[in-house]
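To start, the structure itself, in structure tokens.
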Amino acid sequence: MTSNSSRPIVCECGHTGSVDLSENDQPFSGLWESYSLHGFSGRDFTITSFKDMPPDVLAYMKPKCPKCGSVGKVKYAQGS
């Protein structure tokens, strides 16, 4: 079975979106996690081993704001 979750993100200009995660949560099966951006363009990726996990998921995805065009000014929303 696949488990889905999301974490809100916001650009300094105020545009909002999310980092969406789909992951395999079946016991005794192979690990995979798939990350994508909603509301921003950038790099989506999938890992099949924890050694493949980047230290900072949001920085690795390089979200680009469609409102102001900035890259590197997107952070996780307060309280998320």
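FYI, it's all coordinate maths here, none of it is from the lab. Since the model is a prediction, treat every value here as computed from it, not as a measurement. FYI the Cβ positions are ideal-geometry reconstructions off the backbone, even for glycines, and counts take in every protein chain you see.
Could you work out the helix-only [θ] at 222 nm for the chain, with each DSSP H run of four or more residues adding -39,500 (n - 2.57) and the total divided by the number of residues, to the nearest 500 deg cm²/dmol?
When only DSSP H runs of four or more count, the value is -1000 deg cm²/dmol.
Between Lys51 and Ser34, 0.36 nm times their residue separation minus their Cα-Cα distance comes to what?
Working: separation 17, 0.36 × 17 = 6.12 nm, distance 1.45 nm.
Length difference between fully extended and current span is 4.7 nm.
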Revision key, fill the gap. Here the relative contact order (percent) of the chain, from C-alpha pairs under 8 Å and at least 6 apart, is 28 percent
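For Phe50, Phe45, Phe28, Phe40, which order do you get if you count the other beta carbons within 10 Å of each Cβ and list the fewest first?
On the way: Phe50 8, Phe45 15, Phe28 4, Phe40 22.
In increasing order of surrounding Cβ atoms, one gets Phe28, Phe50, Phe45, Phe40.
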Exercise for review: Report which label in (i) -0.31, -0.36, -0.84; (ii) -0.40, -0.46, -0.89; (iii) -0.36, -0.41, -0.85 holds the value of log10 I(q)/I(0) by the Debye sum over Cα atoms at q = 0.12, 0.13, 0.20 Å⁻¹ derived from the coordinates of this structure.
Suggested key: (iii)
Point to revise | Loop sites in the stretch 4-76: GluC sites (Glu not before Pro), DSSP, at most 16 other Cβ within 10 Å | key: Glu12
